[in-house]
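What follows is a single structure, written as structure tokens, with notes after it.
Read-outs throughout are calculated quantities, based only on the coordinates presented, and are distinct from any laboratory measurement. None of the values given here were measured: they were computed from a predicted structure. Neighbour counts are summed over all protein chains in view; Cβ atoms, including those assigned to glycine, are modelled from backbone coordinates with ideal geometry.
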Amino acid sequence: MLLASVADVGSRSPWKKSPDGSSRPNGEKPSGKNPTDNASDVGRLFFPQSQALGIAPDDTVSPQVLAKMVYAGAQSRSFRQAAQDLKHLAELDVSEQRIARATKQIGQERVAKRKAEEAAWEKLSLPEQQRSPRAQVPQVACVEPDGGRIQIRNRNEPELSTAEKRKGRFWRETKVGCLLSMTSETSPGDPCPTIPEIFVDPRRMGQISREIKGFSAVGEAPTSEESAEPTAAAKRQGQPEPLLRSVVATREPIEAFGKQLAVAAWRRGFMAASRKAFLGDGAETNWSVWRRYFSHFTPIVDFVHGLCYVFAGAMAGRTMEKAWPIYCQWAQWLWSGQVELVIAALQERQRELGRPEKNEAEESPRSKVAEALCYLENQGSRMRYDEYRQAGLPITSSHIESTIKQINRRVKGTEKFWSRGGADALLQLAADYLSDTQPLTTFWRDRMSQATGQRHYQTSG
């Protein structure tokens, strides 16, 4: 039956036989490097099975293998390491160049999908943007933005000299955001009025201030059995419990990042939550995003960043023995939301030391006190930590700090250089894999269902 059907199709074909016996429109002569057209005739009758198999036209592997390649490319420390991981763990022999191409391709597809979602969100009315598109709304919604660093370099740029590498000529900023749904209870009063011991431990505060802001104390920390080893940070009473995290990351300007963050928050139902927090450090870019998209969220400056400035101001120009009791008092004031007391104490200290002169070293005591005073005066309205704890809101940005470290593990390094398109593609995938909401599960399913089996060619121009 099949052969008869094929013969019937051939007999009814409008194509004429050419002199060489092949079928061509109007009997045209063959042209090109391969004049034989038998395979193309068969191809018109028996279509490929790409659609049924879920294989996109530009893929040469199955969707399952492609997903493994992209995962390894986005999660391993390098594409070379990704190739080794696939060989040893999945018995797939794939070159690092092929993994790099696949990772960039899928990452760019994810960026395109994200931009389409942003365009659809922009078409919504303002009331619709403030409502939840889903029935389930988090008890506490928290948005935490911050920035990292990555090296961007065009392929055609000349090789760098050692001096140029030291200057950091190619370092560019990345923007990363965490969106956390949390659960917590409200309290009639401050559930934890006394500052945790970790913040009044000399050794731990020395470590924290160096890690967060690069500050170092003057003098030596008192030696005692209590401070000889770092103590573990215990969960404080009333601290919110994180339930679900989603991550966004990009190299785009702050305006585009703010919109990306707002769309992600809207999709999670954050805008309709009864308790909402926008938590960041003192960078003005963070608060420009808050004013534009999250002004109805409670603005909170990360407690640890503020405490580091208090620590530096208290230690400036004093020995550790004299400075430590002063710092402990100031730290308790800050924890209790009495930032005006700390500002008054810093103002008095500034009068004792005098204002720093023009071009004075940043490490001088006068400069340290002036810097701490400026920070607290600018951020004081976002430091009502006793009220935030009473409302069951978070006060530290530890989640975004941890997230940036995880992303930097893949993209940051003195030996790692990225193209502009490649950087955004990899940042998008890194954020996707860190998200508990698993956006790639839906992406892969939709990609397989949308495979048509038809190969798309780019036209010139």
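Pick out, in residue order, every one of the trypsin sites (Lys or Arg not before Pro) in the stretch 330-435 that is DSSP loop and has at most 11 other C-beta atoms within 10 Å; say none if there are none.
Lys358
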### Message
What's the ranking of 72-78, 280-286 by average number of surrounding C-beta atoms within 10 Å, highest first?
### Response
72-78, 280-286
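What does the extension gain come out to for Ser132 and Ser402, with contour length at 0.36 nm per residue minus their alpha carbon separation?
94.4 nm
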### Query
In whole Å, what is the distance between the alpha-carbon centres of the stretch 60-95 and the stretch 276-332?
43 Å
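Output the pairs from Lys123/Lys412; Lys115/Lys276; Lys68/Lys175; Lys368/Lys416; Lys235/Lys405; Lys115/Lys405 with a Cα-Cα distance over 31 Å in this structure; if there are none, say none.
The answer is Lys123/Lys412; Lys368/Lys416.
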### Query
Taking R0 as 41 Å, what's the FRET efficiency between Ser295 and Glu321 from their Cβ-Cβ distance, rounded to 0.05?
0.35
#### Entry: Per-peptide average of other Cβ atoms within 10 Å, ordering 440-446, 259-265 highest first
259-265, 440-446
